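Structure first, commentary second.
What follows draws every value from the coordinates through simple rules; no lab data is involved. In this text, all values refer to a predicted model and were calculated from it rather than measured experimentally. With ideal geometry, Cβ positions are generated from the backbone for all residues, glycine too; neighbour counts draw on all protein chains shown.
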Amino acid sequence: MRALAVLPLVALAFAGCLAPEEAPVEAASTSAAPAVDLPAPETLEWSGHVLSSELDGPSHFRPTEDAIWSIQQEGVLVNFAPVPQALEVALEWTGGGELMIMLHSHKEHGTNVYVEHITEMDDVNPKCLRVPTEDLTEGEWQVMIHSNKARDVDFTLKVATVGSTPTLVTDDRHGHWPQDGTFEVDKHEIEPCQLLALDAAESS
């Protein structure tokens, strides 16, 4: 695994070759466009713990993820239905070390072929990513962090969506199974957050 958003259209209308000279010219409107209220996002929060970054690999693979779950948890499965209109994930933590957000999607069951969205691995805290609109899909996503030089760190991942309900999958874990085959990772770009940035500003 490691190793878990438009082009304006210009319409040209031709009502005739030339307008009559006496036709009055309408002045351009100076009134501001009405504000558009965006729907409030639905959010989901999940918290985990990094005992040591030395366990970062095993914590993302089955069955070792299951074996160490009581002491280290670095990711979960989140189901989205229907297809989100917008999706953002934010991360904050207490303690030192470097952390990153990683999302896996478009994954067929029983394979390690998927689309990946990630932030930088660094000490910028908090951090956030927005998935481009064209990459959004319904179904289960692997939502996780990776860490470096982190010990005894508590963290929280916050998922925000528009037009879709994020649901934590409680009967399965996010880690890869070795028997699912070769990793084929399609890395995609990320965008700056809008929903969660606004949420942070309003709560400050």
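Observations on the model:
- Stretchable slack from Ala40 to Asp172, in nm (0.36 nm times residue separation minus alpha-carbon distance): 44.6 nm
- Using only side-chain charges placed at the Cβ, +1 for Lys and Arg and -1 for Asp and Glu, the dipole size of region 42-203 relative to its Cα centre rounds to 180 debye.
- With R₀ fixed at 41 Å, the C-beta to C-beta distance from Ala81 to Asp122 puts the FRET efficiency at about 0.80.
- Modelled spin labels at Glu98 and Thr156, positioned 7 Å past Cα toward Cβ, are 2.6 nm from each other.
- Put simply, when 168-178, 143-153 are sorted by average Cβ atoms within 10 angstrom per residue, most first, you get 143-153, 168-178.
- Think of region 42-203 as having a plus end and a minus end, set by charges on the Cβ of Lys, Arg, Asp and Glu; of Gly181, Ala67, Asn79, Ala67 sits farthest toward the positive end of this dipole.
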